[in-house]
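The values are calculated or read from the model by the stated rules, or taken from the named source; none is laboratory data. Please read all numbers here as calculations on a predicted model, not as lab measurements. Methodologically, a virtual Cβ is constructed for each residue, glycine included, from the backbone with ideal geometry; neighbour enumeration extends over all protein chains shown. Keep in mind that these areas ignore ligands, DNA and RNA; they rest on the heavy atoms of the full protein, side chains included. Shrake-Rupley method; radii C 1.70, N 1.55, O 1.52, S 1.80 Å.
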Amino acid sequence: MSLVSSSFAQSSQAPAYANVLAKRPSDLRPFLSLHNQSYSNGSEWLLKDLKLNIEVQFSQQRLRASGEYSFQQLAPSNWLVLDVQDMQVLRAIDMETQRPLAFAIIENPYGSRGLKSGVHSHALVIQTDGIQDHLQLRLEWMTEPQSSALQWLEPSQTHDKQSPFLFSQSQAILARSWVPLQDCPSVRFTYQAEVTVPSNMEVVMSAVPVHKSMADSSHVRVLFEQKRPVPSYLLALSVGEFEYRALSEKCGIYAEPGLIKKAVWEFADLPAMIDSAEALYGPYAWGRYDVLVLPPSFPFGGMENPCVTFATPTIIAGDRSLTSLLAHELAHSWSGNLVTNHTWDDFWLNEGFTVYFESRIMEKVYGKQYADMLTVLGWSDLQGTLNELKDVPGDTHLHLELGTRDPDDGLTDIAYEKGRFFLMLIEQRVGREAFDRFLKQYFETNAFGTMSSERFIQLLNRDLLSQNPDWDMDQEIESWIYGEGVPQPWPLFSSTELSRVALMAQAYNRTRSLSEINTDGFTTHHWLCLLRNLELQDSAEMAALDRAYGFTQKENAEIACLWFVHAAHCHYRVAYPAMESFLLQVGRRKFLMPVYEAMVAGGIESKEEGFAMYLRARPGYHSVSRQSLDELFALETVEEDPLPFNMPNPHSVPVIEPPRESRLPDSQGGDGSGNGTTRDGGTLREVPVSPSGLDPDGGRP
Ligand code: BES
Ligand code: ZN
């Protein structure tokens, strides 16, 4: 796929005036910088508030949208750079003068030295005045059907198979594929949105719905408000035919009509979880807490969108055994949504804190024995991940150095589990009471802000560890956060329940006798522990286990996933039809990867079979899952490099105020009406202006 051509050249909607910024978009490349996976110039302009207007067009699988942006200027600058992807930008208008602003999209400015892993991210460069303390900007755009954040589902991909469905997944850097913005977690803004959808459908956003009215005879318009500032990765939208049931005054469930009853039963403990979370670390800050159950192609287990967590239906197991995921997403309302990782290198501050917090909620609601089982399973996840990362030890640091890599690459259990066990270690050093006091204060004083690893260490020392000389953890902090693997000493934990299961599995592995296994009183977590510890070798052994326990028929997605991994390794073909139907149905990456990986590892025939299954299932997967699986099967897209150039430091780019006459509002020959040079209105004088007022053709100010 060539990414160097200008989107304008490809687009029939090409704004005729797009190139007024420079003779060629490529002339602007040297002025762009890539920091924390964003091309935006956040040190000059800061987004404070966004008013979105979105028309959801299912027939075209696109959003037709506009946004009114309030930017604050931090340093003089002649251009505003926003992140964009998979969209056509139609218009940019200075709302104060009502005049169009010149803009261009610079595609994938750094080529193969830009964002890695096939993130085809672009820079939208908009010309602004050099010095102004704020900018009110209006943008209009249209997403493309393949917009990476959005998945447009056919009715057949939903539970009820009645209506199409749309959902977004913005984390980590996909918000830019449906809204142009400064797509990095350190920028927070408030937002409102007016969303128009077919009148038989419901719509949710990561905000509070405040008003609903008919837009026309077949469409409704819903107004949302998010009064608390959020980072871009928490922007979320979903539209479908779903229903709502309240569980309490402040929480409830959205799900398709055919699933709502089961979902409500499964998630009945949500109000208790909220009470426990508040008792631990202070009041919930986001008003409502609802959960939307998405169709099974949702690529994650859950996503902590403020006010409404998005969740996979694969946690509806029929026995409430997989609801720790809700505790996890709820915990993010503090760790992540309230105190946000400053960059994706600090991702462990979101996830490690959240797993720790999740475990505390689970302990409060279900007791220590239950939470201990989850902790032991988390430790075994961590050991698996350390093993997988043997050749990339840098990725086992809590603090990552992603550089130009896609944050998605850093999305391993290191952030989650190494992060959690590090916090457990601190808790065990200082005692639960002191640690809880510290955490409560940490959430309170840093609310609606961001946190870097470095700052966290400062606060930890200042507000907690310095209180007692025995609590000095300098060494541990250094090696856990900036070092490889999991350094000793480890925190203490154990689960008598799972130790029992592990012993049975070991006995079986030695003797190959099923009589070693006693499954009386087994819960989902016992089964998971058993399946992880069994070392199975061939399909005859699999068949015997299947006869004894009916694994192939089990509907619990966590158990099914582990079983299918064994099936692929052991070439247990009896399970393949069930496995394929699972792979066709479920798009949750955590389940897909190990199953396909096992097929890839199983020899050439197995790999080809896996690839064939993937090709059949791929059209139903979200871009996030597709991207990882394309990599696994080496389905590569070839990128061309733009001409070589040096990556500039953004702060070394000179800011030179353009001459008065080169500023667009004064120089476009508008008719004085304030809207003289629109795309539709047509005539626009080409003015040779480039960022910083540096004219590539030599027309310096
Ligand atoms: N915020 C994450 C999901 C995520 C992380 C999406 C990074 C994109 C980039 C969410 O809170 C999460 O951790 N989900 C887990 C569930 C969990 C219980 C560990 C998942 O999806 O499996
Ligand atoms: Zn999480």
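The table below lists the values:
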{"quantity": "For segment 127-141, Karplus couplings with θ = phi - 60° (6.51, -1.76, 1.60), whole Hz, Gly/Pro x", "calculated": "6, 10, 6, x, 10, 7, 7, 8, 9, 9, 10, 10, 10, 10, 8"}
{"quantity": "Segment T523-R245, extension gain: residue separation times 0.36 nm, minus the distance between their alpha carbons", "calculated": "97.3 nm"}
{"quantity": "HN-Hα J in Hz across segment 494-508 - Karplus 6.51, -1.76, 1.60, θ = phi - 60°, x for Gly and Pro", "calculated": "6, 9, 4, 4, 6, 4, 4, 5, 4, 5, 4, 5, 4, 4, 4"}
{"quantity": "FRET efficiency, Q132 to S112 (Cβ-Cβ, R0 41 Å, nearest 0.05)", "calculated": "0.65"}
{"quantity": "Accessible area per residue, Å², segment 341-482 with all protein chains present, probe 1.4 Å", "calculated": "40"}
{"quantity": "Per-residue HN-Hα couplings for segment 47-53 [Karplus 6.51, -1.76, 1.60; θ = phi - 60°; Hz; x = Gly/Pro]", "calculated": "6, 10, 8, 9, 10, 9, 10"}
{"quantity": "Sparse-neighbourhood loop sites, GluC sites (Glu not before Pro) in segment 242-351 - DSSP loop, at most 12 other Cβ within 10 angstrom", "calculated": "E249"}
{"quantity": "E605-D381 pseudo-label distance in nm [points 7 Å out on the Cα-to-Cβ vector]", "calculated": "3.5"}
{"quantity": "Alpha-carbon centroid distance for the pair segment 586-638 / segment 303-350, whole angstrom", "calculated": "25"}
{"quantity": "Flagged links, alpha-carbon separation over 29 Å, of K418/K440; K161/K227; K51/K116; K390/K440", "calculated": "K161/K227; K51/K116; K390/K440"}
{"quantity": "In segment 29-72, the trypsin sites (Lys or Arg not before Pro) that fall in loop regions by DSSP, at most 12 other Cβ within 10 Å", "calculated": "none"}
{"quantity": "Between segment 408-453 and segment 131-164, the Cα center-to-center distance that results, in Å", "calculated": "34"}
{"quantity": "Whole-number D in µm²/s for segment 341-482 (Stokes-Einstein; Kirkwood sum over Cα pairs; 37 °C, 0.692 mPa s)", "calculated": "208"}
{"quantity": "Rounded FRET efficiency, nearest 0.05, which uses the C-beta distance separating Y482 from E278 and R0 of 30 Å", "calculated": "0.35"}
{"quantity": "Positive-end residue of Q88, H397, Q57, charge dipole of the chain with Cβ unit charges", "calculated": "Q57"}
{"quantity": "Around H622: net Lys/Arg minus Asp/Glu count, Cβ-Cβ under 10 Å", "calculated": "+3"}
{"quantity": "Fully extended contour minus Cα-Cα distance, from L635 to S213, at 0.36 nm per residue", "calculated": "147.3 nm"}
{"quantity": "Between 0 and 90°, nearest 10: helix 524-533 axis offset from the chain longest Cα axis", "calculated": "80"}
{"quantity": "At 1.002 mPa s and 20 °C, Stokes diffusion of the chain via Kirkwood alpha-carbon radius, µm² per second", "calculated": "80"}
{"quantity": "Inter-site label distance for S59 and H571 at 7 Å from Cα along Cβ, in nm", "calculated": "5.3"}
{"quantity": "Helix 368-388 axis, angle to the chain major axis (alpha carbon atoms, nearest 10°)", "calculated": "70"}
{"quantity": "Under 5 Å, built H, 5+ apart or other chain: amide partners of R62", "calculated": "Q57"}
{"quantity": "Rounded Å value of the spacing that divides the Cα centres of segment 504-562 and segment 190-205", "calculated": "46"}
{"quantity": "Gain upon complete extension [R512, W490; 0.36 nm per residue less C-alpha separation]", "calculated": "4.6 nm"}
{"quantity": "T340 long-range amide H proximity, modeled H, under 5 Å", "calculated": "G449, T450, M451"}
{"quantity": "Solution diffusion estimate, µm²/s, Stokes-Einstein, segment 242-333, Kirkwood Rh from C-alpha pairs, 37 °C, viscosity 0.692 mPa s", "calculated": "253"}
{"quantity": "Computed accessible area, T396, all protein chains, 1.4 angstrom probe, square angstrom", "calculated": "10"}
{"quantity": "C-alpha long axis of helix 419-430 to longest principal axis of the chain, angle in °", "calculated": "70"}
{"quantity": "Calculated P(r) tail over 14 Å for segment 107-159, as whole % of Cα pairs", "calculated": "73"}
{"quantity": "Positive minus negative residues near T450 (Lys, Arg vs Asp, Glu; Cβ under 11 Å)", "calculated": "+1"}
{"quantity": "Segment 153-190: trypsin sites (Lys or Arg not before Pro) in DSSP loop, at most 13 other beta carbons within 10 Å", "calculated": "K161"}
{"quantity": "Under 5 Å, built H, 5+ apart or other chain: amide partners of L90", "calculated": "E140, W141, M142"}
